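Shown next, in structure tokens, is the structure this report addresses.
The values are calculated or read from the model by the stated rules, or taken from the named source; none is laboratory data. Keep in mind the model is a prediction, meaning the values are calculated, not measured. Every residue, glycine among them, receives a Cβ derived from its backbone with ideal geometry; neighbour counts consider all protein chains shown. Side chains are part of the model used for accessible areas, which takes the heavy atoms of the whole protein and leaves out ligands, DNA and RNA. Shrake-Rupley method; radii C 1.70, N 1.55, O 1.52, S 1.80 Å.
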Amino acid sequence: PASHLYLPLTYALDMESCMPRQIVSPAQLDFESPGRRDYWVALRHTSVWGSHLIPLTVIVGPQAKPGEGLSAFGACHGNEYEGPVALKHLLREIRTEDVLGRIVIVPVLNVASFRVGSRESTGDDGFNLNRVFVEGAGATPAMAGITHRIAAFVREAIWPHVHICIDLHSGGEVARFAHWAGFFRCGDPEIDARREQMARWFGCQIVTAGTSSTKPPGISGGMHNDADRLGKYAIGTELGWGQSVDVQGTRYARQGVLAAAIHHEQLAGSIEPISHHADGTQSLVQTRASITAPYWGHYEPLFDCGEVVEQGQTVGYLHDFGRLDEEPFALIAGASGIVISQAWGARVEQGQTIHMIGAEVD
């Protein structure tokens, strides 16, 4: 019953005050009224009598425009923590009186996987949230689990009120990344330039430039792709790995969100560039080559992420310890460029992408 489910829950916001964080349904969210509101958004649980509670804060300023605002998400996967930590800090740092437009912060989007610290929602329906932004998500019996319903919630409740989407990812136990922030090029020079500047302001060494997806929503599946397809200023990141809280990755996440909010006039103030952005050592790259494991084995990298390799160079070995007397399988770079990603752990699966190279572009 609504009278039982949607009760206010006290949640400490800072050292000086304590404001209520209300439990509400998606339909009860207020994205329009001036001021700050802190919510737990209740999505029905399928295995216990209750709801998954997604934390969401919306702050609306005096210059907010319909359909415009900045949204920032952490923990699309349940084992990436730089985003949640950075956004949790920003909840305490951003002053309501400094907000000009609309800011929506979701520190933990995928509570089902975050609770168990897994890439997928293993404690519930087993899906990967960043693969289910597809047609019919949350609306058909085959896609009625919590992961698809989170995607439907983002689309129905948040997308109509924002034009900026920042999706803060890291590699978990899947991959080790050179820190990067990425965007999609759409062919419009003005939009592409603005997206690129958003990505550069994170301060990472690597800025990735992809191509906007023209595929229907049933193909791409990612939140970043979905926002881009709708024409939003969408930025995706990889800011760490190993289920840790990466020092630089957390700093980059905070910087990127604040810079986007300030430069798009959603937040008052000024900001200075940091790290590779400040000293001019960023590289703008596109993915040029990847290497797939031909069999199960143990991966030995020969280069760290961020290092430069040449086409034809041996960049790693795949070892089969069931055949100790055989030479390891040599992994050969298919292009010259920068190592932007490789397997995080030594044990890799057959068919797993274990090495990626990005080539610098103009």
| query | Taking the range 40-63, which residues are open to solvent by less than 30 Å² (accessible area, probe 1.4 Å) and within 24 Å of ALA268 (Cβ to Cβ)? | reply | LEU56, THR57, VAL58, ILE59, VAL60, GLY61
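So that you can scan it fast, the table gives a plain yes or no per residue for (1) at negative phi; (2) surrounded by 15 or more Cβ atoms within 10 Å (Cβ to Cβ):
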| site | (1), (2) |
| --- | --- |
| GLU265 | no, no |
| ASP279 | yes, no |
| PRO301 | yes, yes |
| LEU324 | yes, no |
| ALA330 | yes, no |
| GLY337 | no, yes |
| ARG347 | yes, no |
| HIS355 | yes, yes |
| remark: All-but-one check, ASN130 against (1) modelled with pLDDT under 95; (2) open to solvent by 20 Å² or more (accessible area, probe 1.4 Å); (3) more than 19 Å from LEU239 (Cβ to Cβ), failing number (3)
| said: Could you tell me how many of the residues in the range 64-95 are among the acidic types (Asp, Glu) and part of a loop (DSSP other than H, G, I, E, B)? | reply: 2
| Considering residues of the range 105-124 that are open to solvent by less than 50 Å² (accessible area, probe 1.4 Å) and out of contact with any strand residue (DSSP E or B) (no Cβ under 7 Å at 6 or more places or on another chain) only, the residue farthest from GLU80 (Cα to Cα) | ASP124
| said: So in the range 277-294, with the set limited to residues that are part of a loop (DSSP other than H, G, I, E, B) and under 22 Å from ALA343 (Cβ atoms), which one is farthest from the chain's Cα centre (by Cα)? | reply: PRO294
| query | What number of residues within the range 306-362 are over 17 Å from ALA175 (Cβ atoms) and among the polar types (S, T, N, Q)? | reply | 4
| task | Would you please list the contacts, defined by Cβ atoms under 6 Å and residues six or more apart or on different chains, that run from a residue in the range 141-156 that is farther than 20 Å from THR122 by Cβ to a residue that is part of a loop (DSSP other than H, G, I, E, B) and of a type outside the set (A, V, I, L, M)? | result | ALA152/GLY138
| the range 66-105 - residue that is out of contact with any Pro (no Cβ under 9 Å at 6 or more places or on another chain) and basic (Lys, Arg) and, of those, nearest to ALA199 (Cα to Cα) | ARG102
| query | Taking the range 159-174, which residues are open to solvent by 10 Å² or more (accessible area, probe 1.4 Å), assigned to a loop (DSSP other than H, G, I, E, B) and not β-branched (Val, Ile, Thr)? | reply | HIS163, HIS169, GLU173
| query | How many of the residues in the range 236-263 are surrounded by fewer than 22 Cβ atoms within 10 Å (Cβ to Cβ) and of a type in the set (Asp, Glu)? | reply | 1
| note | Here the qualifying pairs (Cβ atoms under 6 Å; residues six or more apart or on different chains; first in the range 173-188 and touching a residue at least 24 places away in the same chain (Cβ under 8 Å); second part of a strand (DSSP E or B) and open to solvent by 30 Å² or more (accessible area, probe 1.4 Å)) come out as ARG185/THR211
| task | Pairs only if they're at least six apart or on different chains, beta carbon under 8 angstrom, first in the range 295-324 and under 15 Å from ILE338 (Cβ atoms) and part of a loop (DSSP other than H, G, I, E, B), second open to solvent by 40 Å² or more (accessible area, probe 1.4 Å) and not hydrophobic (A, V, I, L, M, F, W, C); list them, first residue then second. | result | LEU302/THR314; LEU302/TYR317; CYS305/ARG176; GLY306/GLN205; GLU310/SER336; GLN311/GLY334; GLN311/SER336
| said: Of everything in the range 16-39, what is among the charged types (D, E, K, R), part of a loop (DSSP other than H, G, I, E, B) and open to solvent by less than 80 Å² (accessible area, probe 1.4 Å)? Give them in sequence order. | reply: ASP30
| Does ARG155 count as surrounded by fewer than 20 Cβ atoms within 10 Å (Cβ to Cβ), within 30 Å of HIS355 (Cα to Cα) and touching a strand residue (DSSP E or B) at 6+ places or on another chain (Cβ under 8 Å)? | no
| said: Just to be sure before I move on: is ARG37 over 21 Å from ALA152 (Cα atoms), free of Cβ contacts under 8 Å to residues at least 24 places away in the same chain and of a type outside the set (A, V, I, L, M) in the structure I sent? | reply: yes
| message | Given the criteria among the hydroxyl-bearing types (Ser, Thr, Tyr) and within 22 Å of the chain's Cα centre (by Cα), does SER51 qualify? | response | no
| Members of the range 136-148 that are surrounded by fewer than 21 Cβ atoms within 10 Å (Cβ to Cβ) and either farther than 22 Å from HIS45 by Cα or out of contact with any helix residue (DSSP H, G or I) (no Cβ under 7 Å at 6 or more places or on another chain) (or both) | THR140, PRO141, ALA142, MET143, ALA144, GLY145
